[in-house]
Amino acid sequence: MEFFKLGEQLHNLVHKQGFSSETHICNALDSHKVGPMRKHCSAAGNTANIKQGKQIHARIIKTGYDSEIEVSNALITLYAKCGSIDDAKQEFLDMPEKNEVSWNAMIAGYSQHGYGIEAIDLFEKMKQVGVTPNHVTLVGVLSACSHVGLVDEGLGYFHSMSKEYGLLPKPEHYACVVDLLARAGLLCRARKFVEDMPIEPDAMIWRTLLSACAVHKNLDIGEFAAHHLLKLEPEDSASYVLLSNLYAVSNKWKSRDQTRQMMKERGVRKEPAQSWIEVQKSIHAFFVGDRLHPMADKIYEHLGHLNKRAAEIGYVQERYSLFSDVEQGQKDPTVYIHSEKLAIAFGLLSLPSAIPVRVIKNLRVCNDCHNWIKFVSKISNRQIIVRDAYRFHHFEGGSCSCSDYW
């Protein structure tokens, strides 16, 4: 499930509107209205700007609106989107009164960070205090189960929607169940679930199934999902990329090339992978093999140092499965240097050691980069937080909060 697509789309808009300006935010918050405060909480959350979020929170306290439920709800979402789930939790606990939005925001935050058990525990507590779950609640709970592989629990919550709460599942709930099953490798069950659904599967459902097939290398079900997805969204580049990746990991190079050619003939352009990091109030963007940054030479030098130290304690670069053996021998080595590696190397060079390195990526982090970041978090003794298109990853001491299940 792609939780952060809206945030990625708003990234440029937010900066064009000037919301990244601290002066602009302070002036806006001086209006002493709840509406603008919620608006700027949302803007800071969508750009994952934790410094800006802290500033907004401080101004809210100063103006006396910290007791407003709607403002606290916005702060919970802000901190969760900025990667600080502990601050989100503290805001939630400090609220003298809570409504269903408060509970939903905290459950969703836990879900996005991969804290499935905490999300479920909070859901059970929510029911104990008499707050009735709604459709939004169940999306958060189902997603939480999916992120930590709680298949039976997730299916139980899905079936309880109509039986216990009188809620008719919506497309997003069905998509969560497909994700729950498919992420766990239960692709045949996921396909049957889709075929037996009482509603027509939408593009999100087919994309979820196809994405899991690329991860688990299931060609038959993947092609089945892609057939339906391309009929629904023939101009969406992600559909072609997922299918192309599926063929690549299945060593079907001719089919991969045909998919890329079809994409080209239809005029569909692939969204380039990109990562962002904020340093000294400026957003720095990186692409694969990027050498356009003013500090490029130092970044690559430090990257080489990190690679050497990581290799010394056991890191081995994973074979890049999207290229054939022949292609790997012909490719420029920089194609293997993904944007998040460059952003992290830059962050380690530029940020004080007490500050976590926070990176946003517009696509799913690959297996090799995920493994590499675990090693780097250990050798650098730094906390590294990566928000990709699917969830947050908190790296520290050589491990990740997702427990390698994402």
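The values are calculated or read from the model by the stated rules, or taken from the named source; none is laboratory data. This one's a predicted model, so the numbers in the text were calculated from it and none came from an experiment. Neighbour counts are summed over all protein chains in view; Cβ atoms, including those assigned to glycine, are modelled from backbone coordinates with ideal geometry. These accessible areas exclude ligands, DNA and RNA; they are computed on the full protein's heavy atoms, side chains included. Shrake-Rupley method; radii C 1.70, N 1.55, O 1.52, S 1.80 Å.
Being open to solvent by less than 70 Å² (accessible area, probe 1.4 Å), part of a helix (DSSP H, G or I) and at pLDDT 75 or above is the requirement here; does GLY45 meet it? Judged against the criteria, GLY45 is not a match.
Please verify whether the stretch 309-318 includes one or more residues that are charged (D, E, K, R), within 18 Å of ASN367 (Cα to Cα) and assigned to a loop (DSSP other than H, G, I, E, B).
The initial filter retains those residues of the stretch 309-318 that are charged (D, E, K, R), namely 309, 312, 318.
Imposing the further condition that a residue be within 18 Å of ASN367 (Cα to Cα) reduces the set to 318.
From what's left, assigned to a loop (DSSP other than H, G, I, E, B): 318.
Scanning the stretch 309-318, I find at least one residue that is charged (D, E, K, R), within 18 Å of ASN367 (Cα to Cα) and assigned to a loop (DSSP other than H, G, I, E, B), so the answer is yes.
Residues checked against (1) at pLDDT below 95; (2) surrounded by fewer than 19 Cβ atoms within 10 Å (Cβ to Cβ); (3) in a helix (DSSP H, G or I):
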{"site": "ALA345", "(1), (2), (3)": "no, no, yes"}
{"site": "LEU349", "(1), (2), (3)": "no, yes, yes"}
{"site": "ILE355", "(1), (2), (3)": "yes, yes, no"}
{"site": "ILE373", "(1), (2), (3)": "no, no, yes"}
{"site": "VAL376", "(1), (2), (3)": "no, no, yes"}
{"site": "VAL386", "(1), (2), (3)": "no, no, no"}
{"site": "TYR390", "(1), (2), (3)": "yes, no, no"}
{"site": "CYS402", "(1), (2), (3)": "yes, no, no"}
{"site": "TYR405", "(1), (2), (3)": "yes, yes, no"}
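For the stretch 67-83, enumerate the residues that are in a helix (DSSP H, G or I) and either among the hydrophobic types (A, V, I, L, M, F, W, C) or on the phi > 0 side of the Ramachandran plot (or both).
Matches in the stretch 67-83: ILE69, VAL71, ALA74, LEU75, ILE76, LEU78, ALA80.
Find all pairs meeting these conditions: Cβ atoms under 6 angstrom apart; at least six residues apart or on different chains; first residue within the stretch 60-72 and closer than 14 Å to PHE92 by Cβ and at pLDDT 80 or above; second residue surrounded by fewer than 18 Cβ atoms within 10 Å (Cβ to Cβ) and basic (Lys, Arg). Listed by first residue and then by second, the contacts come to nothing, as the list is empty. Note on the stretch 224-252: residues that are over 22 Å from LEU180 (Cβ atoms), assigned to a helix (DSSP H, G or I) and open to solvent by 60 Å² or more (accessible area, probe 1.4 Å) amount to 2. Quick one: in the stretch 137-150, of everything that is open to solvent by 20 Å² or more (accessible area, probe 1.4 Å) and part of a helix (DSSP H, G or I), which residue is nearest to ALA182 (Cα to Cα)? Looking at the filtered set, the residue picked out is VAL148. Residues of the stretch 134-156 being in contact (Cβ under 8 Å) with a residue 24 or more places away in the chain and of a type outside the set (A, V, I, L, M), which ones? Answer for the stretch 134-156, where residues must be in contact (Cβ under 8 Å) with a residue 24 or more places away in the chain and of a type outside the set (A, V, I, L, M): ASN134, HIS135, THR137, GLY140, SER143, CYS145, SER146, HIS147, GLY149, GLU153, GLY154.
Of all residues in the stretch 89-136, those satisfying the criterion of being open to solvent by 50 Å² or more (accessible area, probe 1.4 Å) and within 22 Å of ARG387 (Cβ to Cβ) are LYS89, GLN90, TYR115, ILE117, GLU118, VAL136.
Pick out the one residue from GLY53, GLY35 that is open to solvent by 20 Å² or more (accessible area, probe 1.4 Å), modelled with pLDDT under 80 and part of a helix (DSSP H, G or I). Before you say what the answer is, go through the steps one by one.
On the way: GLY53 fails: open to solvent by 20 Å² or more (accessible area, probe 1.4 Å).
Residue meeting the stated conditions: GLY35.
Can you tell me which residue within the stretch 271-330, out of those that are closer than 21 Å to ILE379 by Cβ and at pLDDT below 90, is surrounded by the fewest Cβ atoms within 10 Å (Cβ to Cβ)? Show your work before the answer.
Within the stretch 271-330, the subset closer than 21 Å to ILE379 by Cβ is 275, 277, 279, 286, 295, 298-318.
Next cut, at pLDDT below 90 only: 317-318.
Numbers: GLN317: 12, GLU318: 14.
That would be GLN317.
Conditions tested, residue by residue: (1) in contact with a strand residue (DSSP E or B) (Cβ under 6 Å, 6 or more places away or on another chain); (2) more than 27 Å from VAL131 (Cα to Cα); (3) small (Gly, Ala, Ser); (4) touching a residue at least 60 places away in the same chain (Cβ under 8 Å).
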| site | (1), (2), (3), (4) |
| --- | --- |
| LYS51 | no, yes, no, yes |
| ALA74 | no, no, yes, no |
| GLY83 | yes, no, yes, yes |
| SER102 | no, no, yes, no |
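Which of the residues belonging to the stretch 187-211 are open to solvent by 60 Å² or more (accessible area, probe 1.4 Å) and either under 17 Å from SER239 (Cα atoms) or assigned to a loop (DSSP other than H, G, I, E, B) (or both)?
As a first pass, look at the stretch 187-211 and keep what is open to solvent by 60 Å² or more (accessible area, probe 1.4 Å): 188-189, 191-192, 195-196, 198, 200, 204.
Passing the criteria: PRO198, GLU200, MET204.
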